[in-house]
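The block underneath contains the structure these notes are about, expressed in C-alpha cells.
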Amino acid sequence: MGSSQPHQWLVFKNGEFSKKDYRKFGIHYKGISDIYMMREALHRRLQHDEWPYPDLIVLDGGRPQLAMLNKYFKENNISIPLISIAKRPDRIITPQTNYKPIAMGNSQLLFKLFQSMRDESHRFAKKYHVAMRNRNLLN
C-alpha cells in the first residue's frame, strides 16, 4: 500500500473550514494499519514549524486510534488536546473520560459541528482518492 494511501489534514478556523490550509500526506508506512498511517500523518504534520499548531485535533476513528495517538503524544511531549468522533453510532470519545463516549444528543450543535468535520474529511479524502485513481488510469 505505502504512499498510495493518503491521509489528510483539514483546518477549521473562526467557525468555518479553511480549505486553503488543507493538506494531503502520502503515507510511507508499508502495511495496512490505519492507526500507524494516522500516526505518520500527525507526526509529519507537526514537523512543519511554518504551520501553526492546532488548538485541538479531532480524529476520525474510535478508541483504538485515539488511545494509540494519545500514547504517541505523551511519549513525545505533545500537548495538543485530542478527541475522536467514532461511527455507528456516532459518538465523541476523549482520553480524559477513559475513552468512554461522551453523552451528547445527536441534535446538539457541538455534536453536529463534529459530524460536519468528519463528513468534510470524508468528502476531501474521496475527492483525493478519485483524483489518484483517475491519474493512475491515465498512466
Quick one: which of ILE78, ILE83, ILE57, ILE92 is among the hydrophobic types (A, V, I, L, M, F, W, C) and farther than 25 Å from LYS126 by Cα?
ILE78
Where a residue in the range 98-109 is without any contact (Cβ under 8 Å) to a residue 40 or more places away in the chain and among the hydrophobic types (A, V, I, L, M, F, W, C) and its partner, wherever it lies, is surrounded by 10 or more Cβ atoms within 10 Å (Cβ to Cβ) and part of a helix (DSSP H, G or I), with Cβ under 8 Å and at least six apart
MET104/LEU110; MET104/PHE111
Count, please, the residues in the range 52-62 that happen to be touching a residue at least 12 places away in the same chain (Cβ under 8 Å) and either under 18 Å from ASN77 (Cβ atoms) or surrounded by fewer than 15 Cβ atoms within 10 Å (Cβ to Cβ) (or both).
5
Scan the range 93-114 for residues that are of a type in the set (Lys, Arg) and in a loop (DSSP other than H, G, I, E, B) and jot them down.
LYS100
Can you say whether LEU46 is surrounded by 15 or more Cβ atoms within 10 Å (Cβ to Cβ), aliphatic (A, V, I, L, M) and more than 19 Å from MET117 (Cα to Cα), as far as the supplied structure shows?
yes
Does any residue in the range 7-24 that is under 12 Å from PHE124 (Cα atoms) come within less than 8 Å, Cβ to Cβ, of a residue that is acidic (Asp, Glu) and surrounded by fewer than 15 Cβ atoms within 10 Å (Cβ to Cβ) six or more places away or on a different chain, and which pairs are these?
VAL11/ASP21
Only one of these conditions is not met by PHE124: (1) within 18 Å of ARG23 (Cβ to Cβ); (2) surrounded by 15 or more Cβ atoms within 10 Å (Cβ to Cβ); (3) out of contact with any helix residue (DSSP H, G or I) (no Cβ under 9 Å at 6 or more places or on another chain). Which number is it?
(3)
From the options ASN106, ASN77, ASN98, residue that is touching an Asp or Glu at 6+ places or on another chain (Cβ under 9 Å), among the polar types (S, T, N, Q) and exposed (fewer than 13 other Cβ atoms within 10 Å of the Cβ):
ASN106
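Read-outs throughout are calculated quantities, based only on the coordinates presented, and are distinct from any laboratory measurement. Keep in mind that this is a model prediction, so the values were computed, not measured. Every residue, glycine among them, receives a Cβ derived from its backbone with ideal geometry; neighbour counts consider all protein chains shown.
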